[in-house]
Amino acid sequence: MKNISGTHDCYGCGVCTIACSKRLIRIRLNKDGFYEPYIYNIDECTNCGLCVESCAFAHKECANAMAYPIECYGAWSNSKEVLRKCSSGGVGFEIAHTAIKHGYNVCGVKYDIYKRRAEHYVAMTFEDLEHSKGSKYIQSYTPDGFRAINRREKNLVFGTPCQIDSMRHYVRRFKVEDNFVLVDFFCHSVPSMYAWYKYLDAVEKKIGKSQDVVWRDKETGWHDSWVMKIKGDKAKYTSWWSKGDVFYRLFLGDYCCNKACQKACKYKYNRSSADIRIGDAWGNEYKDNEKGVSALIAFTAKGQEIISLLKSSCTLEPQPFSVIAEGQMKKNVGETWATPIVRRLIREKYTLALSDWNKLFFVNFLLMRIVGKLKAVTRGLCRTSKKKIGIMTMHKVINSGSALQAFALQKKLEQLGYISEIIDYIFPNAAHVPTSKRQRLWMEYAPQWLQYWHKMRYLRTVPNDRTRLIRFTEFYKHNLKLSSRTYPSIKSLLSHTPKYDLYMTGSDQVWNPQHVKNDGSFLFSFLKGMEPRVSYAASFTTSELPDNVFPTFAKLLPKYKYLSVREASGIQLAIRLGGCTPKLVCDPTLLLKKEDYHAIAEQSNFKPQGKYILAYILTYAYDPYPYIRYIIEDVKKQLRLPVIILQSHHKEDEVDTIVNDEGPCEFLWLFEHAEFVITTSFHGTAFALNFEKPFYSVVQNETTTDSRIVSLLQRVHRTDSILVYNRDRVDKVQPQQVVNNQYLEEFRNESISVLSNMIVNVKK
């Protein structure tokens, strides 16, 4: 190949445009929206081959062999302003700033709001450099910026790994390599420019002509900084990847990536032709840092020389490459079945609304689930469906949420074709029945009929809660499949170890040290070998463990083959304890649809007539009174409906009926038929959501105590239902609002997939 006339679906780096001595090469967007070179006057081409020599796409290997020992750092700018405006630790900007200070010209990237594209340009002053701050997650247009580079002067060039690899070939060919310092970054891929235009068109319909674009913003912290902020001439638009932003879902979901990124990228992980590589240090080492940390790697002695000049402006922490590169991609981006469809859609002239794209993502997910199911069958799912699963969870806490989460997990396993039993362990907690040592001895050694008599006798000794406890006991009896043996102590688990094909830690606060203390039973400490064990939606309810329980968790958690947790805070904690990286899944009660609860709800002994507002107020996490009274009063005045409150000892004028003797059946019926729900409970929030009720979930704050509630509502795009204690008041209630549970359905399906795959893939 003597020229690039036959090159298609390449990296689109544009270096060939400056390599051509006759300036015959230009780049343009191809049919899929990626930059691609062409020779606009082929008759004048001399076939000198300079364009091919400079083309990274035409070479199988990187231009650099990386003979220099790699030096790595976790780094961040000492300037608060730089750290705030830059995507990670601001080190890329500080490198550029230092380079200009030492006589280099800097070729970086800015966004042209009028042309709606990212462009390379040359900065020679500190003022010029300001335009380069922040990431631009679109393919850059390079020819103008690269032509502005004077090869005879000192230059520092930023770019994607493929752009930098081509630049290395180019400067080496023209024997000016000593004048250049090349900087690349950990790269996911580049998205189609047509996808960017479609997205921008849809957004501009809401906010008017765009005036400014920010791809990353740390307002809510570095780890949740994938935030798209677009300022229009009429309004502003803000959208998070974590909340389903369409552009980030198209890009990071691999729906619209360049074919070269999928098939020909040779720059992942530690493969580079740059002197320096930068990126986000996403690893466990900096998981608690919300200001931003850059991964900083020197691949050459020249790169290390530049890094040594940063000591006055940056904090540099030497780290092994494995720490710095943790979380970075080792393989190329993949392709979904929907990728060809997306490519076709983004080529079309018409504009798609943001909701249309979300529908496509949902359909793609469903079809992938179907394909996954079919593949599972071909792998012999029918043979694994007879696995017997033993579940360890808090199933007998006298709390409807605890009882129903145990029921829901077991019900879903049954729907998936598995046999399961809940290990009937009565752990030493005051919320369980019985609790005294004498009572526990009865349960351990007495026959089944005597155990039941003893339990009923105990319930009758508590007149205030007797009805409620009886209703819970009946629910356990008729709706939970328990092990044939009751285990009232850890000793009994050790002496009569239950036998199952798979051991599963269930949900609720099973790993909360405040409740279970140092009881390793919920981590299967009673198992003597490496029996297969997994967790589904287990909850620590904290981001830190007390020193006295940490060794127990650190010893037992690594024995789990697969982990899934209910809150995002549990992911990093599990990793720190030595376990595998957990999946974030929904609470078991959300695995079932509202129709699955109807039959149990109909067994309720309490069915009030007429419309009502339901208040479910718990006080053990924090005391929401007297603030919650104002909320109830506001809602009641606007809806003009009576208020039924569950589990309250506060008799107030705004409450019409207090229910303190409900069981799970009554709990479900009241939620199913409520007109409006006010709650401080996680499971109250979950059932209001599942039953498609308009509701307010009152949280103490949005970051700590009630992070599980906030995390759930953020995941399903219902943050409008959050009220913060002593801050928010109710101005207007819309009980007839249309509830869109699309995102809940997505979360449910994702969680079911995780549950199913854990069981299928674990080996005995």
Check: When the residues of the range 676-708 are filtered to those that are out of contact with any Asp or Glu (no Cβ under 9 Å at 6 or more places or on another chain) and free of Cβ contacts under 8 Å to residues at least 40 places away in the same chain, which remaining residue is nearest to Thr541 (Cα to Cα)?
Finding: Thr704
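From the residues in the range 40-90 that are hydroxyl-bearing (Ser, Thr, Tyr) and assigned to a loop (DSSP other than H, G, I, E, B), which one is surrounded by the fewest Cβ atoms within 10 Å (Cβ to Cβ)? Before you say what the answer is, go through the steps one by one.
Taking the range 40-90 first, the residues hydroxyl-bearing (Ser, Thr, Tyr) are 40, 46, 54, 68, 73, 77, 79, 87-88.
Filter once more, keeping what is assigned to a loop (DSSP other than H, G, I, E, B): 40, 46, 54, 68, 79, 87-88.
Working: Tyr40: 10, Thr46: 12, Ser54: 28, Tyr68: 15, Ser79: 16, Ser87: 26, Ser88: 28.
Out of the qualifying residues, it is Tyr40.
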Next item on the list: Within the range 501-520, work out how many residues are part of a helix (DSSP H, G or I) and either over 19 Å from Thr542 (Cα atoms) or among the acidic types (Asp, Glu) (or both).
Entry: 0
Notebook entry, point to check: Given the conditions (1) surrounded by fewer than 19 Cβ atoms within 10 Å (Cβ to Cβ); (2) closer than 30 Å to Asn179 by Cβ, which single one is not true for Gly303?
Noted result: (1)
Checklist line | Pairs with Cβ under 6 Å, 6+ apart, first in the range 2-25 and within 24 Å of Met193 (Cα to Cα) and in contact (Cβ under 8 Å) with a residue 40 or more places away in the chain, second among the charged types (D, E, K, R) and in a helix (DSSP H, G or I) | finding: Asp9/Lys259; Ile18/Arg147
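Within the range 480-500, track down each residue that is assigned to a helix (DSSP H, G or I) and either farther than 15 Å from Thr393 by Cα or aromatic (Phe, Trp, Tyr) (or both).
Listed by number, the residues that qualify are Lys491, Ser492, Leu494, Ser495.
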Margin query: Being in a loop (DSSP other than H, G, I, E, B), of a type in the set (Val, Ile, Thr) and not assigned by TED's automatic domain parsing to the domain that holds Val754 is the requirement here; does Thr581 meet it?
Written below: no
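Do we find a residue being surrounded by fewer than 18 Cβ atoms within 10 Å (Cβ to Cβ), of a type in the set (Val, Ile, Thr), at pLDDT 80 or above and in the same structural domain as Ser483 (by TED's automatic domain parsing) anywhere in the range 375-390? Spell out how you get there, then give the answer.
Our first condition is that a residue be surrounded by fewer than 18 Cβ atoms within 10 Å (Cβ to Cβ); within the range 375-390, this holds for 375-383, 385-386, 388.
Now drop any that are not of a type in the set (Val, Ile, Thr), which leaves 377-378.
Keeping just the survivors that are at pLDDT 80 or above gives none.
No, because not a single residue in the range 375-390 is surrounded by fewer than 18 Cβ atoms within 10 Å (Cβ to Cβ), of a type in the set (Val, Ile, Thr), at pLDDT 80 or above and in the same structural domain as Ser483 (by TED's automatic domain parsing).
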Next item on the list: Name every residue in the range 142-168 that is buried (at least 21 other Cβ atoms within 10 Å of the Cβ) and more than 16 Å from Ala99 (Cβ to Cβ), in order of residue number.
Entry: Thr142, Phe146, Thr160, Pro161, Cys162, Gln163, Asp165, Ser166, Arg168
Checklist line | Tally, over the range 694-725, of residues that are touching a Pro at 6+ places or on another chain (Cβ under 9 Å) and assigned to a loop (DSSP other than H, G, I, E, B) | finding: 3
Next item on the list: Looking only at the range 570-593, decide whether some residue is surrounded by fewer than 17 Cβ atoms within 10 Å (Cβ to Cβ) and over 22 Å from the mean Cα position of the chain (by Cα).
Entry: yes
Notebook entry, point to check: Looking only at the range 494-513, which residues are surrounded by fewer than 17 Cβ atoms within 10 Å (Cβ to Cβ) and out of contact with any Ser or Thr (no Cβ under 9 Å at 6 or more places or on another chain)?
Noted result: Ser495, His496, Thr497, Lys499
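So in the range 514-540, with the set limited to residues that are among the polar types (S, T, N, Q) and within 28 Å of the chain's Cα centre (by Cα), which one is surrounded by the most Cβ atoms within 10 Å (Cβ to Cβ)?
First pass over the range 514-540, keeping only residues among the polar types (S, T, N, Q): 514, 518, 521, 525, 535, 539.
If we keep only those that are within 28 Å of the chain's Cα centre (by Cα) as well, we get 514, 535, 539.
Working: Gln514: 11, Ser535: 32, Ser539: 22.
Filtering first and then ranking leaves Ser535.
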Check: Assuming Glu666 fulfils every condition listed in (1) touching a residue at least 12 places away in the same chain (Cβ under 8 Å); (2) closer than 19 Å to Leu744 by Cβ; (3) of a type outside the set (A, V, I, L, M) apart from one, which condition is it?
Finding: (2)
Next item on the list: Output the residues belonging to the range 201-213 that are surrounded by fewer than 17 Cβ atoms within 10 Å (Cβ to Cβ) and not charged (D, E, K, R).
Entry: Ile207, Gly208, Gln211
Next item on the list: Scan the range 132-172 residue by residue and report those that are acidic (Asp, Glu) and over 16 Å from Ile276 (Cβ atoms).
Entry: Asp144, Glu153
Next item on the list: Return a yes/no flag: does the range 214-228 have any residue that is surrounded by fewer than 22 Cβ atoms within 10 Å (Cβ to Cβ) and more than 22 Å from Trp76 (Cβ to Cβ).
Entry: yes
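For the range 595-608, name all the residues that are under 24 Å from Thr680 (Cβ atoms) and either part of a loop (DSSP other than H, G, I, E, B) or assigned by TED's automatic domain parsing to the domain that holds Leu755 (or both).
To start, the set of residues in the range 595-608 that are under 24 Å from Thr680 (Cβ atoms) comprises 597, 600-601, 604, 606, 608.
Passing the criteria: Ser604, Phe606, Pro608.
Can you find even one residue in the range 615-629 that is touching an Asp or Glu at 6+ places or on another chain (Cβ under 8 Å) and either more than 28 Å from Asn289 (Cβ to Cβ) or of a type in the set (Phe, Trp, Tyr) (or both)? If you could, list the steps in order and put the result at the bottom.
Start the filter on the range 615-629 by keeping residues that are touching an Asp or Glu at 6+ places or on another chain (Cβ under 8 Å), which leaves 621, 629.
Next, from what is left, pick out any that are either more than 28 Å from Asn289 (Cβ to Cβ) or of a type in the set (Phe, Trp, Tyr) (or both): 629.
Within the range 615-629 (the criterion being touching an Asp or Glu at 6+ places or on another chain (Cβ under 8 Å) and either more than 28 Å from Asn289 (Cβ to Cβ) or of a type in the set (Phe, Trp, Tyr) (or both)), the answer is yes, since at least one residue qualifies.
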Next item on the list: Mind counting the residues in the range 38-53 that are touching a Lys or Arg at 6+ places or on another chain (Cβ under 6 Å) and among the hydroxyl-bearing types (Ser, Thr, Tyr)?
Entry: 1
Item checked: Test result for Leu614, under 28 Å from Pro498 (Cα atoms) and crowded, with 17+ Cβ neighbours inside 10 Å -> no
Notebook entry, point to check: Within the range 657-697, how many residues turn out to be of a type in the set (Val, Ile, Thr), surrounded by fewer than 24 Cβ atoms within 10 Å (Cβ to Cβ) and farther than 13 Å from Ile644 by Cβ?
Noted result: 0
Item checked: Residues (more than 17 Å from Met504 (Cα to Cα) and of a type in the set (Lys, Arg)) located in the range 556-581 -> Arg576
Item checked: Criterion: outside any helix (DSSP H, G or I) and either closer than 27 Å to Leu129 by Cα or within 38 Å of the chain's Cα centre (by Cα) (or both) - qualifying residue of Ile27, Ile4, Ile95, Ile18 -> Ile27
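Yes or no, residue by residue, for (1) farther than 20 Å from Ala686 by Cβ; (2) touching a residue at least 60 places away in the same chain (Cβ under 8 Å); (3) not assigned by TED's automatic domain parsing to the domain that holds Asn701:
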position	(1), (2), (3)
Gly610	yes, no, no
Leu614	no, yes, no
Ala621	no, yes, no
Tyr625	yes, no, no
Arg629	yes, no, no
Ile644	no, no, no
Val655	yes, no, no
Ile658	yes, no, no
Notebook entry, point to check: What pairs come up if the first residue lies in the range 55-67 and is among the charged types (D, E, K, R), the second is modelled with pLDDT of 90 or more, and their beta carbons are under 8 Å apart, counting only those six or more places apart or on different chains?
Noted result: Lys60/Lys266; Glu61/Lys266
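The values are calculated or read from the model by the stated rules, or taken from the named source; none is laboratory data. Because the structure is predicted, anything quoted here is derived from the model rather than measured. As a convention, Cβ positions derive from the backbone with ideal geometry for all residues, glycine included, and neighbour counts pool all protein chains shown.
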